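The values are calculated or read from the model by the stated rules, or taken from the named source; none is laboratory data. Predicted model only: the values in this text are computed from it and were never measured. As a convention, Cβ positions derive from the backbone with ideal geometry for all residues, glycine included, and neighbour counts pool all protein chains shown.
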């Protein structure tokens with residue numbers, strides 16, 4: 001069930017670890033399709049990262065359109081990709097995966113996970129170096145991103161955007177809370 005105001009961490013992988021974003025042009029096309037679907041489906045994107053074989057989106061619904069919107073977005077991108085790369089058949093591994101974000105703490109962790117994904121995958125040395133992620137723009141290190149409004153995505157870190165960025169930066173660098181509490185080794 002979907003309700004306005006719910007937030008989801010959505011991921012999608014290519015079939016058999018197929019690269020779904022092998023070229024910059026593919027990333028640009030997907031982001032254009034995403035912007036168009038955000039307008040059509042009344043979504044607010046709080047964060048995103050495009051990786052070579054998958055993507056991560058943090059989406060807040062304004063209308064219950066998650067299923068229909070992702071069916072359109074993924075079908076449209078798969079058709080584009082198959083046409084551009086001379087392939088046929090299934091493109092995505094399975095239906096997208098959407099995890100309901102159930103608390104502010106869960107949302108913060110999902111956003112941190114998305115923003116650090118490329119760094120953990122060793123695709124970059126710093127999170128702001130991954131150009132197919134909103135992190136650099138959200139933190140004010142790069143020009144504004146038309147997909148994510150940092151005042152919305154960082155609102156709970158402070159009313160003043162500079163302060164919210166500073167607090168989020170501290171949170172981003174914070175060790176896993178389970179490690180601090182001695183619950184696990186990460």
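Listing for the model above:
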{"read-out": "Filter result for the condition that a residue is under 28 Å from residue 127 (Cβ atoms) and more than 13 Å from the chain's Cα centre (by Cα), over 48, 55, 80", "value": "80"}
{"read-out": "Matching entry among 110, 105 (being at pLDDT 95 or above and either under 18 Å from residue 5 (Cα atoms) or in contact with a strand residue (DSSP E or B) (Cβ under 8 Å, 6 or more places away or on another chain) (or both))", "value": "110"}
{"read-out": "Residue 2, sole failed condition from (1) surrounded by fewer than 19 Cβ atoms within 10 Å (Cβ to Cβ); (2) in a strand (DSSP E or B)", "value": "(2)"}
{"read-out": "Number of the exception - residue 143 against (1) assigned to a loop (DSSP other than H, G, I, E, B); (2) exposed (fewer than 12 other Cβ atoms within 10 Å of the Cβ); (3) touching a residue at least 12 places away in the same chain (Cβ under 8 Å)", "value": "(3)"}
